[in-house]
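*Asks:* What follows is a structure written as structure tokens; I'll ask about it next.
The values are calculated or read from the model by the stated rules, or taken from the named source; none is laboratory data. This structure is a prediction, so every number in the text was calculated from the model and none was measured. Methodologically, a virtual Cβ is constructed for each residue, glycine included, from the backbone with ideal geometry; neighbour enumeration extends over all protein chains shown. In case anyone asks, the SASA skips ligands and DNA or RNA and just uses the protein heavy atoms, side chains included. Shrake-Rupley method; radii C 1.70, N 1.55, O 1.52, S 1.80 Å.
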Amino acid sequence: MTGPDGVPGSPRRTPWGPLADDLVSLAEVPDDADAVVDAFLIRIAAAAAEMIDGVDYASITAWRGDGYTTVAASSDLARAVDDAQHAEAAGPCVQAEQTAAPVGVPDIPASTMSWPRFREQAAELGLQASVSVPLFAGRGTAVAVLNLYGRRASALTALSAAVRDVFVTERIPADSFGAHGNAGTLQLLNGLGLALQLRVAIQRAVGMLMADAGCDAAQAHRMLRARAVAAGESLSTAALQVIDEIGPDPGTAVRVTVGPPVGDVVPVAIDGELTRPVDPALAGRLAEVLDEPALVVEWDLSGLWFCDVAGLRLLLDLWQRATSDGRQMRMVAASDAVRTLMLLTDTAALFGYPAAPESANGDPLE
């Protein structure tokens, strides 16, 4: 399958089965290849409803034009529950699309979430549980949400926890993980895990190309896509080649520089690549910064040419520790790669970015 100017090649085959195949193949499809994307989404919804334990109905929600729509549904019941969420622009599928993180509702009638139309419509149709799972195409942003609905309360509790863990680790689960699930459940978990791994590799390569070529994320993604097309390879294969060609030498990926305090502010600069696996020594070094007596820690990440979700999680952990101690942790400068990641995860406001007009040393910021 190929989209406009897309990456040629057949859908990827995995050891697990067709549902996993489609989830992984979707992760490499150009986002603008609408027909190809929709073909995968339709098959994913049908397979999920048929194959996954505890799932009675499935649907796919996506943002199209100026609103949400149901791209595919295994039943009119699923479509009706989706429509209730779309009309209110609120509900688990909307939250999953906006946050790019899975949302589980193990007991819909007992839910305290402020989603009245979702709860009312689900109750009327006899649906008791749901899991909404973001799905990603080649650019790495959520192109749709897979909604799984069950008629038994708590029927999807274990599935929801398993999906959440796969998203946290961004990798294929261990063989023993989710062993209680049926073949369809394992296809979903393994397919999601591999798709998320490919997403990390593609985003990492894009970050490297941004730093190497001095371009923005959109230009870097076009460069990566052009490489894949020229070589007749998948997007992830081209990404791994970029990582191999221009990646940093082992042991030199990250440099932390802590400047002298300026009043109540201590400046910290991180340069290089902050990515999984995060070196415990690095995490400890950054945590030590919070032992400084200064009330404010200012981060300069303009030299961080790549940061993945694991690196962002480390920064968020530090932010949480700082705020719980009554301190401020703010970002005064960020590279294009970091800005793109904050945009995708909607975390810029937590770090006070964009920063105030002047940094601690009085220099104007971008």
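*Asks:* Can you tell me which of Val37, Val55 is open to solvent by less than 50 Å² (accessible area, probe 1.4 Å) and outside any helix (DSSP H, G or I)?
*Replies:* After applying the criteria, what remains is Val55.
*Asks:* Could you check the stretch 207-237 and list, in sequence order, the residues that are touching a residue at least 60 places away in the same chain (Cβ under 8 Å) and under 21 Å from the mean Cα position of the chain (by Cα)?
*Replies:* Within the stretch 207-237, Gly207, Met208, Met210, Asp216, Ala217, His221, Arg225, Ser234, Leu235, Ser236 meet the criteria.
*Asks:* Look at the stretch 81-103 and say how many of its residues are surrounded by fewer than 20 Cβ atoms within 10 Å (Cβ to Cβ) and touching a residue at least 40 places away in the same chain (Cβ under 8 Å).
*Replies:* The number of residues fulfilling the criteria is 4.
*Asks:* Val168 versus (1) closer than 30 Å to Gln85 by Cα; (2) of a type outside the set (S, T, N, Q); (3) open to solvent by less than 60 Å² (accessible area, probe 1.4 Å); (4) part of a helix (DSSP H, G or I): which is the lone unmet condition?
*Replies:* The number of the failed condition is (3).
*Asks:* Could you tell me how many of the residues in the stretch 112-152 are within 20 Å of Trp63 (Cα to Cα), at pLDDT 90 or above and in contact with a Lys or Arg (Cβ under 7 Å, 6 or more places away or on another chain)?
*Replies:* Final tally of qualifying residues: 1.
*Asks:* Only residues that are of a type in the set (A, V, I, L, M, F, W, C) and open to solvent by 10 Å² or more (accessible area, probe 1.4 Å): list them for the stretch 112-144, please. Walk me through how you get there before you give the answer.
*Replies:* Step one: list which residues in the stretch 112-144 are of a type in the set (A, V, I, L, M, F, W, C), which gives 113, 115, 118, 122-123, 125, 127, 129, 131, 133, 135-137, 142-144.
Correct list: Met113, Trp115, Ala123, Leu125, Phe136, Ala142, Val143.
*Asks:* Can you name every one of the helices (runs of 4 or more DSSP H) wholly within the stretch 200-318 that holds 1 or more residues which are open to solvent by 50 Å² or more (accessible area, probe 1.4 Å) and modelled with pLDDT of 85 or more?
*Replies:* 217-231, 235-246
*Asks:* Considering only the stretch 104-132, how many residues are without any contact (Cβ under 8 Å) to a residue 24 or more places away in the chain and assigned to a loop (DSSP other than H, G, I, E, B)?
*Replies:* 3
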